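To keep things clear, I will list the structure first and then write my remarks on it.
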Amino acid sequence: MSDLTADAVATEHPGAGNPAAPGGGRTVATAVPPSLVAKLAAGVTATGEPDLVETVAPLTGERLASLPRSTPADVEVAFQLARRAQTAWAALPVRRRAAVLLRFHDLLLKRQDEVLDIVQAETGKARLHAFEEVAAVAMAARHYGRAAHGYLRDKRRGGALPVLTHAVEARRPKGVIGHISPWNYPLELSVGDALPAFVAGNAVVNKPDTQTALTALWARDLLVEAGLPADLWQVVIGDGPVIGPAVVEHADYVSFTGSTRTGRDVAQRAAARLVGASLELGGKNAMLVLADADLDAAAEGAVRACFSSAGQLCISIERLLVHRSVADEFLERFAARTRALRLGGGLAYGADMGSLVSVRQLETTSRHVEEAVKAGATVVAGGRARPDLGPFFHEPTILDGVTPDMAVCSEETFGPVVSVYRFDTEEEAVAAANSTPYGLNSSVWTRDLRRGRTVAARLRTGTVNVNEAYAATYGSVGAPMGGMGDSGLGRRHGAEGILRFTEAQTIATQRLMPIAPSFGLDDKQFAALMTGGLRALKALRFK
Ligand code: NAD
């Protein structure tokens, strides 16, 4: 972003601005020293001449790490190593593999401070928001550690001929999963999504975003300490358009989280190879505040919904739809809370919102705000970049009077900006919420829980939270999470989140007689016998 842009927005909206959080005292350089970077960097599969790729710490803009860059040839090596390790791993009983996840759960909770520092150093987010990742990964580790056996065990199915056909549905690992993850939730989206793949008997070649590779490498080391064979999780890093397609090229299945645009490219490449893919993509999520909502709870929930990880959260809310009768009152309470959020804070708890991750995110955020204001929108809170706190900070921002011609109305900002819209009827609110090609997450606030669930059923999103922002559905790890429409294909969590990493195999054993004319029956007699049998099976309510 040019200084001109920041200044222009700042001048247009003078005011006190959000307060700064007290500093944490520790610096990124002491929390993530070069010795730690070097130890973690050794986990990257990169065999050729050292070609380094640099990352910066968003909180300060200082250099954070130099990491070896993988080449497409390295990706091939990674798949070879992973494939070799996968055979022995898949031969272990599920309970032995699940035990690794449960040990990992305990180690992660014990050593969380180490990774909170790394996540904060790489993303600039507030520590509380980094902790959300620790909690999400622990939940996934516990769930799949305990439930994998049930999901994966052989299941008896009705055979072609009762008693005579013994049919079993079995689950086999896909092999090596190509796992491509973004920077915004680097712990959850690297290891959290890989855990069900491992417990199902697969190896993983992971391409994290380079900016947040240290977090993935730390998680890999911890999982190895918990008992995962080291070669089973390969990490490759480098430019997305170069290394990403190389990963898809070799994968037996692709698990991708990122933007809708890149997701389409990944889907086409996977389709050309006839390998499956799950795609967790972008959103333009809506929160509905119904007339009977508890306005304090809704205002407090909206802060979490819109500004966690500075809005760089796929399931965060960018559209607030409020019943006209309570809109002014709600907005007043929401704006007061938003203006009071403390920004910054360094590597310690105490800040309510951190930095954006990069100049690119700051540019999009500032552009959306600036263009909307120029076209007539009003800034209710925030509205400015905050270079006084760090190079990529932006205030949590509420816009009113946004119209469909403004980019912020329909494009994903992926920053701390929310627009407020008023509605008169539930019908209108549902139609507005659904008026986007995306379909990831939504949130409904009402004192009438039954009504909340009825409205939820009409929303076209993969998850709907009633009286919560996003954590209620995301934390319900036994139930699927993912997007409809342009927000993706497939689901993480629950049965779908692990079965996607398996192939179904049906083994049917025929006993006593074939399913064909036999025992002296001619074709006609066999057909007549079968016809009688089929009628009987239906009458006896066989499924
Ligand atoms: P992105 O699509 O630019 O990058 C995601 C990953 O794909 C990165 O590792 C990147 O290096 C890699 N990549 C880039 N080009 C590639 C290519 N041609 N082939 C294969 N891989 C390639 O997304 P981003 O900006 O890093 O992440 C933000 C986006 O992710 C937002 O749209 C957000 O909504 C979405 N997201 C979705 C979820 C979800 O669960 N639905 C979760 C987090 C983020």
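Points worth noting:
- A 1.4 Å probe run over the stretch 307-374, with the rest of the protein chains in place, finds 34 Å² accessible per residue.
- Radius 9 Å from Cβ of Leu222, net charge of other residues (Lys, Arg +1; Asp, Glu -1): -1
- Excluding exposed DSSP-loop chymotrypsin sites (Phe, Trp or Tyr not before Pro) (at most 11 other C-beta within 10 Å), longest clean stretch of the chain: 1-518
- In degrees, nearest ten, helix 324-339 long axis to first principal axis of the chain (Cα): 70 degrees
- Net charge of neighbours whose Cβ lies under 15 Å from the Cβ of Ala472, counting Lys and Arg as +1 and Asp and Glu as -1: -1
- For the residue pairs Lys207/Lys374; Lys207/Lys284; Lys125/Lys207, the alpha carbons lie more than 31 Å apart in Lys207/Lys374.
- Given charges at beta-carbon only (K, R positive; D, E negative), |dipole| of the stretch 1-150 in Debye: 1280 debye
- Taking Cβ atoms as reference points and 12 Å as the exclusive limit, the residues near Arg172 contribute a net charge of -2, counting Lys and Arg as +1 and Asp and Glu as -1.
- The H on the amide N of Phe423, modeled in the peptide plane, is under 5 Å from the matching H of Val322, His323, Arg324, each at least 5 residues off or on a different chain.
- Gain on full stretching of the segment that runs from Asp296 to Leu164 - 0.36 nm per residue minus C-alpha separation: 41.1 nm
- Placing unit charges on the Cβ atoms of the charged side chains and taking the dipole of the chain about its Cα centre, the candidate lying farthest along the positive direction among Ser316, Ala85, Val235 is Ala85.
- Using C-alpha pairs below 8 Å separated by at least 6 residues, the relative contact order for the stretch 23-133 is 29 percent.
- Percent carbon-and-sulfur accessible area, the chain, ignoring ligands, DNA and RNA, probe 1.4 Å: 56 percent
The values are calculated or read from the model by the stated rules, or taken from the named source; none is laboratory data. As the structure is a prediction and not an experimental result, all values here were calculated from the model. Quick reminder, even Gly has a Cβ in these numbers, built from the backbone with ideal geometry, and neighbours come from all protein chains shown. To get the accessible areas, we keep the full protein, side chains included, count just its heavy atoms, and leave off ligands, DNA and RNA. Shrake-Rupley method; radii C 1.70, N 1.55, O 1.52, S 1.80 Å.
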